[in-house]
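The values are calculated or read from the model by the stated rules, or taken from the named source; none is laboratory data. Note that the coordinates shown come from a computational prediction; the quantities given were computed from them, not determined experimentally. Methodologically, a virtual Cβ is constructed for each residue, glycine included, from the backbone with ideal geometry; neighbour enumeration extends over all protein chains shown. These area figures cover heavy atoms from the full protein model, side chains too; ligands, DNA and RNA do not enter into them. Shrake-Rupley method; radii C 1.70, N 1.55, O 1.52, S 1.80 Å.
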Amino acid sequence: MYTLGIDIGSTTSKCVILRDGTEIVGTSVVAAGTGTDGPQLALKEGLADAGIREEELAYTIATGYGRKRFDRAQGEVSELSCHARGVHFVFPEVHTVIDIGGQDAKVLVLNEKGRMMNFVMNDKCAAGTGRFLDEMAAILKLDISDLETEAVKSKNPAAISSTCTVFAESEVISQLAAGTDRCDLVAGICQSVAVRAVSLARRAGVKEKVCMSGGVARNAGVRNAMEKELGVEIVYSDIAQLMGALGASLYAYDNIKSSQKKAQ
Ligand code: ADP
């Protein structure tokens, strides 16, 4: 039996297809979020990856910022619950999840069973989110996926003192003009995101083990800076950006199982 979780974010649409609630058989990440054709495309690519047709899906749950606008799902579940569920499935030993997406950052504290005990969120300010990194990458004429390779080259990360994205942008431009190495600027930019995420995590109360989820987790520059700032190891999976979609797919499996039980 196949279930689909679709995470419709502000910038990206992601799908996870599970077989029998245990095995990931199809995934997709499309760099277009809510209000675009990103969700339809992510669905199409996810189905192609799994090698199945939409009619073969037993149940679909949508999550993320645009979850209420996806009428091909039978239900929806909040991003917080889905991230907690997805992370607990992959890393049952994780108690703190630092999720940085395209326009917000959240820290979730989980108990042994993966239930969310506390969370804090920054959705007011672009600094400390993927958007900040996207804008800085554009200024530096780099692809978002190149930030990590630049960051690791740095021996002397530049200090980015502005707390506001707009001011930080002009700071980066003037440091570039003054001859600061691009890799040092990238390392400084990653560090500034890490500092904000760590302060959010401290407000939530850090309990080891700690993991990162969301698209920004794919950036090793941010992960490394975060480990240094926090002083603990950050657990990471290649499917970090898919944790919400994975959680949604697991919820979809629960729903179909419980409706099958009721029908018996
Ligand atoms: P949302 O759900 O809000 O759309 P995501 O969790 O999908 O956000 O994260 C999107 C962010 O992930 C982007 O803003 C970008 O900064 C970052 N990102 C996406 N792909 C990569 C990549 N290959 N390497 C590093 N960062 C990435």
- I61 is checked against (1) modelled with pLDDT of 95 or more; (2) closer than 15 Å to G244 by Cα; (3) open to solvent by less than 10 Å² (accessible area, probe 1.4 Å); (4) out of contact with any Lys or Arg (no Cβ under 9 Å at 6 or more places or on another chain) and fails just one. What number does that condition carry? (4)
- Note on region 242-258: residues touching a helix residue (DSSP H, G or I) at 6+ places or on another chain (Cβ under 8 Å) and surrounded by fewer than 24 Cβ atoms within 10 Å (Cβ to Cβ) are L250, Y251
- Failed criterion for R131 (all others in (1) closer than 23 Å to G9 by Cβ; (2) assigned to a helix (DSSP H, G or I); (3) open to solvent by less than 70 Å² (accessible area, probe 1.4 Å) hold): (3)
- Task: Please state which one of N122, N118 is in contact with a strand residue (DSSP E or B) (Cβ under 7 Å, 6 or more places away or on another chain), open to solvent by 30 Å² or more (accessible area, probe 1.4 Å), within 15 Å of the ligand (Cβ to nearest atom) and in contact (Cβ under 8 Å) with a residue 12 or more places away in the chain.
- Result: N122
- Note on the structure: By residue number, the members of region 171-200 that are open to solvent by 60 Å² or more (accessible area, probe 1.4 Å), more than 23 Å from G231 (Cβ to Cβ) and not hydrophobic (A, V, I, L, M, F, W, C) are S174, D181, R182
- When residues of region 55-90 are filtered for being free of Cβ contacts under 8 Å to residues at least 12 places away in the same chain and part of a helix (DSSP H, G or I), how many remain? 2
- Message: Take residues that are touching a Lys or Arg at 6+ places or on another chain (Cβ under 6 Å) and within 21 Å of T12 (Cα to Cα) and tell me which of the helices (runs of 4 or more DSSP H) falling wholly in region 174-264 contain 1 or more.
- Response: 243-263
- Condition set open to solvent by 20 Å² or more (accessible area, probe 1.4 Å), among the hydrophobic types (A, V, I, L, M, F, W, C) and closer than 28 Å to S259 by Cβ, scope region 74-108, selection nearest to the ligand (Cβ to nearest atom): answer is L80
